Amino acid sequence: MSIMEYNGGSVIAMVGKECVAIASDLRLGNQSLGISSHFQKIFPMSDRIYLGLPGLATDVTTLKEQFRLRLNMYTIKEEREIEPETFAHLVSSTLYERRFGPYFIEPVMAGLQKTPSGAYKPFIAATDLIGCLNFAKDFVVAGTASTKLFGVAEGLWEPDLEPEDLFETCAQTLLNAVDRDAYSGWGAEVYVVTKDKVIKRTLKGRMD
Amino acid sequence: MPDGSFSHPQQRQFNPYTENGGTILAIAGADFTVIAGDTRQSEGYSIQTRYAPKVFRLTDRAVLAVNGFAADGNMFVKKVKQRLEWYRHAHAKDMPLRAIARLIQTMLYAQRFFPYYVYNILGGIEEDGSGAVYSFDPVGSYEREACRAAGAASSLVQPFLDNQIYFKNQTAAPGTSHPTHLPLPDVLSIVIDSFTSATERHIEVGDGLEMYIVLAKGRSAQSLEGMRGLQELSTRPDGDRVFVIRKELKKD
Amino acid sequence: MFPLTRADSFAQRNDDAFDAYGTYPLHQRAPHKDVFAEGVQHTQQPIVTGTSVLAIQYKDGIMMTADTLASYGSLARFKDVSRLHPVGTSTIVGASGDLSDFQYLQSRLDQLVTDEFTHADAHDLGPAEVHEFLSRVLYGRRSKMDPLWNSVLVGGFRDGKRFLGYVDLLGTTYSAPSIATGYGAYIAIPILREAVDGRQDKLSESDAKAILHDCMRVLFYRDARSIDKYQLATVTADGVHVSDAQPLDTSWGFAEGIRGYGAQTQ
């Protein structure tokens, strides 16, 4: 039994044109037994940063609170909101602190980064469970359906998608990937982050 | 030794199997079938060769793709071809596709306790002229389907096919419905996209792509004409016809 | 054991319980018991071994090389053993792995060639046939869980066509413009693919010789089970030719002054 497959769950993030999307399934399981179809794995870290935490459910809760603490400390000390790239390094170092007794989480993050000109640049990143960062230009995936997500995303994704098209691409990728994964599924939610709004949609999925 | 490491004489067991990578895929249309496979053969992190076919023409209406342990695969194809030749000598005609499928199941199950470590996908034209795909597990469980991916990158490709062939998780526009079968050019595009995607994300997939196309008797081959790397393999022009298209995939 | 006497066999035939004609279906007959079955040791391990074999295609045919060392574990046991074996008039077979298993294969191949010759039917065996034969023998033995512990290269030139194939203890086969077994697959293949693949029709004999010589030298530097003496075989329209064992030119001057390489005392 792998601890990474104990509760199941998957997350994906994609880059679009001046927008990003991040999506996850809603299943919480106890190995092959489904427990809940309302288990959120994506959390807002700021107005423009969202963090997905697939992996061991108990660590999802712990890390969510851990990041809330560290983010508050950062905001108080710096007197400004954190930028996505900085946040990615915060995630990385938080996980690497536990290098030899890790949290069983593979975080995925998506956000909009402020450029010197004042515009916003899409940003996505993911790490492994000990904080090795992966800054991708297209999409990042994690969780029990990661191989499936890679396959579908590689086939569906294209550069410079508008928010609505990015939503569709991200949702289709997730839905079709988790339908082939026994440990993921049971509904999904998708966040699309644009410069002036965040669209959250909860999706129905196969319940088998 | 106090740790008991010598209490049981240790014996290294010979492992008669290995995995040689690669991926295969087949999609059935209304009156055609496409059966494809990459041509890389590997063991561990080494590429043994960039061209080792995994897809084989059996008859003018049947094509078999074999993936897994290459030695078992080649031996299995050899034996299937031999049985088909015997059938030809006995009955003066080619074995029908559904009969080949059942033959493959019995041949695989005959080795139930020392299996051929291979996933088979059989594609071709049924006697009623419809395109058909049969997929098998190593010990002979099989079913007829409209599409199937197998091998190293099957987990990458199959959900993509669910979406693009079966239109899973897609709702048709009001008053319309999804087609049950796609036209040949669409299917070829999906096959090529599947393999370029698998090549991008899986180290055991790449080098070359071989797409076999079986057309039902009487169906026009017009949509294939002028395609690069096309070759006809049929023995007669007035029955079911077999074509192959060879393409390059990334070699890294 | 004594041979069965006539009396014994008659006695058997008169025994009502003995089904001399095998009239029962297979699954109802008493199981045949092999009293030695428990004593048969199949799965073995290689004992006296040869290291890498390299082979490439070139303009006029194929070229194959192997060093002349037969190791016993880490001991360089026999230093002048040929691992390249000509078969018929257009084929060369080179083997790495267990050398006693290879000698068995050599005798099988020689027997095969003799049998083919005695038919006197104007047919003889080319490299493709030899490769097919070897792959059947090796796959057959792996299927009996009693493998012949070798990786074998088969090269040849016949009817104006080159042939270069591989087969190993599992029965795995393939062909390619350049092939190497053992450590060669890791160390020589990157060099060979760069130098050979896609240029098979252009490489001259001296080019091919130089490429293989380079690879053998690199292998000698890095493969601890190798020796600086090797043979070269060529198969062209003119037939098979296996060279005498020749020395590798090596230079160790750079090692002077590097601690751990040269002959320092401290």
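The values are calculated or read from the model by the stated rules, or taken from the named source; none is laboratory data. Just so it is clear, the structure is predicted and the values come from calculations on it, not from any experiment. Here the Cβ positions follow ideal geometry from the backbone for every residue, glycine too, while neighbour counts run over all protein chains shown. Quick note on the areas: whole protein, heavy atoms, side chains included, nothing else; ligands and nucleic acids left out. Shrake-Rupley method; radii C 1.70, N 1.55, O 1.52, S 1.80 Å.
Quick look at the numbers
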| item | result |
| --- | --- |
| Entirely in segment A:46-152, the strands (runs of 3 or more DSSP E) that have 2 or more residues that are of a type in the set (Val, Ile, Thr) | A:120-127, A:139-143 |
| Residue ranges of strands (runs of 3 or more DSSP E) in segment B:116-174 with at least 2 members open to solvent by 10 Å² or more (accessible area, probe 1.4 Å) | B:131-136, B:142-145, B:147-151 |
| Selection status of A:PHE167, in contact with a strand residue (DSSP E or B) (Cβ under 8 Å, 6 or more places away or on another chain), among the hydrophobic types (A, V, I, L, M, F, W, C) and free of Cβ contacts under 8 Å to residues at least 24 places away in the same chain | no |
| Cβ-Cβ under 8 Å pairs, at least 6 apart or on other chains, segment B:185-213 side free of Cβ contacts under 8 Å to residues at least 60 places away in the same chain and more than 9 Å from chain A (Cβ to nearest Cβ), far side among the small types (Gly, Ala, Ser) and open to solvent by 10 Å² or more (accessible area, probe 1.4 Å) | B:PRO185/B:SER223 |
| From C:LEU148, C:LEU203, C:LEU212, C:LEU153, residue being away from chain B (no Cβ under 11 Å), more than 21 Å from B:GLU19 (Cβ to Cβ) and part of a helix (DSSP H, G or I) | C:LEU212 |
| Some residue of segment A:132-140 being under 14 Å from the mean Cα position of the chain (by Cα) and open to solvent by less than 10 Å² (accessible area, probe 1.4 Å) | yes |
| Residues of segment C:82-105 that turn out to be open to solvent by less than 40 Å² (accessible area, probe 1.4 Å) and either of a type outside the set (Val, Ile, Thr) or farther than 20 Å from C:ILE56 by Cβ (or both), as a count | 13 |
| Segment A:50-108 - residue that is aromatic (Phe, Trp, Tyr) and free of Cβ contacts under 8 Å to residues at least 40 places away in the same chain and, of those, nearest to A:ASN134 (Cα to Cα) | A:TYR96 |
| Residue list for segment C:181-200, restricted to those being of a type outside the set (Phe, Trp, Tyr) and either in a loop (DSSP other than H, G, I, E, B) or facing chain B (nearest Cβ under 10 Å) (or both) | C:THR181, C:GLY182, C:ALA185, C:ILE189, C:ARG193, C:VAL196, C:ASP197, C:GLY198, C:ARG199, C:GLN200 |
| Test: residue in segment A:160-183 that is closer than 27 Å to A:TYR103 by Cα, assigned to a loop (DSSP other than H, G, I, E, B), basic (Lys, Arg) and open to solvent by 30 Å² or more (accessible area, probe 1.4 Å) | yes |
| Candidates B:SER135, B:SER189, filtered to the one that is among the polar types (S, T, N, Q) and touching a strand residue (DSSP E or B) at 6+ places or on another chain (Cβ under 7 Å) | B:SER135 |
| Within segment A:39-62, considering residues that are in contact with a strand residue (DSSP E or B) (Cβ under 8 Å, 6 or more places away or on another chain) and more than 19 Å from A:ALA23 (Cβ to Cβ), the one surrounded by the fewest Cβ atoms within 10 Å (Cβ to Cβ) | A:ASP59 |
| Looking only at segment A:184-207, and only at residues there that are within 13 Å of chain B (Cβ to nearest Cβ) and either part of a loop (DSSP other than H, G, I, E, B) or β-branched (Val, Ile, Thr) (or both), the one that is most open to solvent (accessible area, probe 1.4 Å) | A:LYS204 |
| Residue tally, condition of a type in the set (Lys, Arg), touching a Phe, Trp or Tyr at 6+ places or on another chain (Cβ under 7 Å) and under 18 Å from A:THR61 (Cα atoms), over segment A:84-142 | 0 |
| Leading residue by the ranking (nearest to B:LEU64 (Cα to Cα)) among those in segment B:190-222 that are polar (S, T, N, Q) and surrounded by 13 or more Cβ atoms within 10 Å (Cβ to Cβ) | B:SER194 |
| Output for segment A:122-141, where each listed residue is in contact (Cβ under 8 Å) with a residue 12 or more places away in the chain and within 14 Å of chain B (Cβ to nearest Cβ) | A:ALA136, A:LYS137, A:ASP138, A:PHE139, A:VAL140, A:VAL141 |
| Which numbered condition C:LEU219 misses (of (1) away from chain B (no Cβ under 13 Å); (2) open to solvent by 60 Å² or more (accessible area, probe 1.4 Å)) | (2) |
| C:ALA188 being of a type in the set (Gly, Ala, Ser) and either touching a strand residue (DSSP E or B) at 6+ places or on another chain (Cβ under 8 Å) or open to solvent by less than 60 Å² (accessible area, probe 1.4 Å) (or both) | yes |
| Qualifying residue in segment B:226-234 (condition: among the hydrophobic types (A, V, I, L, M, F, W, C), within 14 Å of another protein chain (Cβ to nearest Cβ) and touching a strand residue (DSSP E or B) at 6+ places or on another chain (Cβ under 6 Å)) | no |
